[in-house]
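> Have a look at this one.
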Amino acid sequence: MCRNRTWVCDSQSKNAVCTMYGEGHFITFDNKYFTTNGNCRYTLVQDYCYINNLKKGNFKIITETIPCGTTGASCSVAITVFLGVHKLILTDGQIDVLERSGNVNIPFITRKMGIYLVIETKIGLVLVWDRKTSVFIHLNIHYKGKVCGLCGNFDGNSENDFTTRSRCLVEDVKEFRDSWRTSEDCPEVYLTKEPCAVHPYRIPWAQMMCHIIISEVFEKCHEEVDPLRFYEACIRDTCACDTGGDCNCFCTAIAAYAQACSEACVCVHWRSPTVCPLFCEAYNENNCQWHYKACGATCLKTCRNPSGICESNLKGLEGCYPKCPTERPYFNEDEMQCVAECGCVDNDNSYYKLGENIESCNACEKCTCTKEGIQCHYDLSACNCEYQGQKMKIGEIARLEESPNGCQIVKCEINGTVTLPCYLTEKTHKEP
Ligand code: CA
């Protein structure tokens, strides 16, 4: 809202973000911070809570965590998103879509934005995933007070976020966490010692690497987002990170703080050739230049989204972005190049190049991707019949010798298959 000639945010009507990052760090929709370990599958957030499945919800997000070092700290290795009949699995930097049926319009789109993969849904839910251990879940205000899980209930009060699945308000983070397990048979996890106590020799290095969060680099953000919790989390993760991928641990922790700053409208250029560098120039080819942006363009003109208009109003996301020249204004994510003209995307979200032939569900129809989109026309040569799960071309014959009515054949004709006695075809064959 505009007040006294400046823009102010009305916190009562704001969409909210739940963050899970690094080694078991959470920030709920109502801004409660907590850290917990546990190796299981947990409900991060879902709607239609406490209704005993009488009515199916719109969505449910589950995280699967495993140990990510020898100290007992846990990292998320997979995130599963249930959206109506669709199931999305985010793991190994990739997204897999399962249980997608036929021509149902998919209620989400995915976009690569910098280091993140963004999943935008039509129901007021946006996931921003760093393809590793961090995920930012943006939820529309209309879900206020209507969700539950490790991300809390989004009612504006951080005091009641430790509400268990059985609706008890608890103090103990372990009790809260375990109530949101999706299976009962996970091993019990006790983190007896803090990671830095297990590896005290790592403390000086961790402090040196994480210091950037409380340094002048992030100074303009300190007032907006308290750096101390992120600093402590960074130290803990850097101590815990003892099975390789050292840099990943503190880079993820710093990136999470930078992202929280970006959400608060403070853009910080924190990466450098010595601190968690991203080498965007490595992508430079095929007529487009890649550049690092600390708070990147939120909505690019891409072939999957040529209008350049996006459903969600995401704040800047860091990473490498292509800059397309004016004569090739669209970025083609599927071919990783800037193009003047895009190919086609069908209802199933599959991408086709210009001129590519597309298989049609309708017999006698030939489809091609053109500049005007997918064009189909009647073509006799494309006619076919389906018989016992097999496609047959016009004129093709399948034999059914064992039929009770004697020798019979199945023939594919323009209007579909016909069954004829064998002698009829033999006669036709003899015709000149
Ligand atoms: Ca709450």
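The values are calculated or read from the model by the stated rules, or taken from the named source; none is laboratory data. This structure is a prediction, so every number in the text was calculated from the model and none was measured. Glycine gets a Cβ as well: all are built from the backbone with ideal geometry, and neighbour counts include every protein chain shown.
> Looking at the structure I just gave you, is Glu194 within 26 Å of Asp130 (Cβ to Cβ) and more than 16 Å from the ligand (Cβ to nearest atom)?
yes
> Just one of (1) of a type in the set (S, T, N, Q); (2) touching a strand residue (DSSP E or B) at 6+ places or on another chain (Cβ under 9 Å); (3) in contact (Cβ under 8 Å) with a residue 40 or more places away in the chain; (4) closer than 30 Å to Pro187 by Cα trips up Asn140, so point out which.
(4)
> As an exercise: evaluate Val104 against (1) modelled with pLDDT of 85 or more; (2) more than 9 Å from the chain's Cα centre (by Cα) and give the number of the one condition it does not meet.
It fails just one condition, (1).
> Here's another thing I want to ask about it. Tell me which of these Trp7 doesn't satisfy, since it passes every other one: (1) modelled with pLDDT of 85 or more; (2) away from the ligand (no atom under 16 Å from the Cβ); (3) of a type in the set (Phe, Trp, Tyr).
Of the numbered conditions (1) modelled with pLDDT of 85 or more; (2) away from the ligand (no atom under 16 Å from the Cβ); (3) of a type in the set (Phe, Trp, Tyr), the odd one out for Trp7 is (1).
> Of the numbered conditions (1) at pLDDT below 90; (2) closer than 15 Å to Lys146 by Cα, Pro67 fails exactly one; give the number of that condition.
(2)
> Something else now. Looking only at residues that are under 22 Å from Ile358 (Cβ atoms) and without any contact (Cβ under 8 Å) to a residue 24 or more places away in the chain in the stretch 387-421, which one is surrounded by the most Cβ atoms within 10 Å (Cβ to Cβ)?
It comes out as Ile394.
> Return the pairs, sorted by first residue and then second, in which the second residue is part of a loop (DSSP other than H, G, I, E, B), the first residue lies in the stretch 340-351 and is of a type in the set (S, T, N, Q), the beta carbons are less than 6 Å apart, and the residues are 6+ apart or on different chains.
Partner pairs satisfying both residue conditions: Asn347/Asn103; Asn349/Ile106.
> Could you check the stretch 329-343 and list, in sequence order, the residues that are in contact with a Phe, Trp or Tyr (Cβ under 8 Å, 6 or more places away or on another chain) and among the charged types (D, E, K, R)?
Asp334, Glu341
> Going by the conditions given, is Cys367 assigned to a strand (DSSP E or B), touching a strand residue (DSSP E or B) at 6+ places or on another chain (Cβ under 6 Å), surrounded by 15 or more Cβ atoms within 10 Å (Cβ to Cβ) and of a type outside the set (Lys, Arg)?
For Cys367, the condition - assigned to a strand (DSSP E or B), touching a strand residue (DSSP E or B) at 6+ places or on another chain (Cβ under 6 Å), surrounded by 15 or more Cβ atoms within 10 Å (Cβ to Cβ) and of a type outside the set (Lys, Arg) - is met.
> Right, another one. Name the residues in the stretch 33-51 that are part of a loop (DSSP other than H, G, I, E, B) and either without any contact (Cβ under 8 Å) to a residue 12 or more places away in the chain or within 21 Å of Phe82 (Cα to Cα) (or both), would you?
Scanning the stretch 33-51 gives Asn39, Cys40, Tyr48, Cys49, Tyr50, Ile51.
> Any residue in the stretch 189-199 that is modelled with pLDDT of 85 or more, in contact with an Asp or Glu (Cβ under 8 Å, 6 or more places away or on another chain) and either not in a loop (DSSP other than H, G, I, E, B) or not hydroxyl-bearing (Ser, Thr, Tyr) (or both)?
Checked against the condition, which is being modelled with pLDDT of 85 or more, in contact with an Asp or Glu (Cβ under 8 Å, 6 or more places away or on another chain) and either not in a loop (DSSP other than H, G, I, E, B) or not hydroxyl-bearing (Ser, Thr, Tyr) (or both), the stretch 189-199 yields at least one hit.
> State whether one or more residues within the stretch 374-383 are aromatic (Phe, Trp, Tyr), part of a strand (DSSP E or B) and surrounded by 11 or more Cβ atoms within 10 Å (Cβ to Cβ).
No, there is no match, as no residue in the stretch 374-383 is aromatic (Phe, Trp, Tyr), part of a strand (DSSP E or B) and surrounded by 11 or more Cβ atoms within 10 Å (Cβ to Cβ).
> Mind listing just one residue for me: the one in the stretch 129-173 that is among the charged types (D, E, K, R) and within 12 Å of the ligand (Cβ to nearest atom) and, of those, surrounded by the fewest Cβ atoms within 10 Å (Cβ to Cβ)?
Filtering the stretch 129-173 for residues that are among the charged types (D, E, K, R) and within 12 Å of the ligand (Cβ to nearest atom), the one surrounded by the fewest Cβ atoms within 10 Å (Cβ to Cβ) comes out as Glu159.
> Test Cys261 against the stated conditions and say whether it is outside the structural domain of Thr19 (by TED's automatic domain parsing) and over 30 Å from Leu314 (Cβ atoms).
In short, no.
> For the condition within 16 Å of the ligand (Cβ to nearest atom) and either modelled with pLDDT of 80 or more or part of a loop (DSSP other than H, G, I, E, B) (or both), what is the one hit in Asp30, Asp96?
Answer to the selection: Asp30.
> Now, a different point. Quick check, is Phe176 crowded, with 16+ Cβ neighbours inside 10 Å, in a helix (DSSP H, G or I) and within 16 Å of the ligand (Cβ to nearest atom)?
The answer is yes for Phe176.
> How about the stretch 314-329: which of its residues are assigned to a loop (DSSP other than H, G, I, E, B) and in contact (Cβ under 8 Å) with a residue 12 or more places away in the chain?
Across the stretch 314-329, the qualifying residues are Leu314, Lys315, Gly316, Leu317, Glu318, Cys324, Pro325, Glu327, Arg328, Pro329.
> Check Tyr351 against each of (1) more than 36 Å from the chain's Cα centre (by Cα); (2) surrounded by 11 or more Cβ atoms within 10 Å (Cβ to Cβ) and name the one condition it does not meet.
Evaluating Tyr351 over (1) more than 36 Å from the chain's Cα centre (by Cα); (2) surrounded by 11 or more Cβ atoms within 10 Å (Cβ to Cβ) leaves (1) as the failure.
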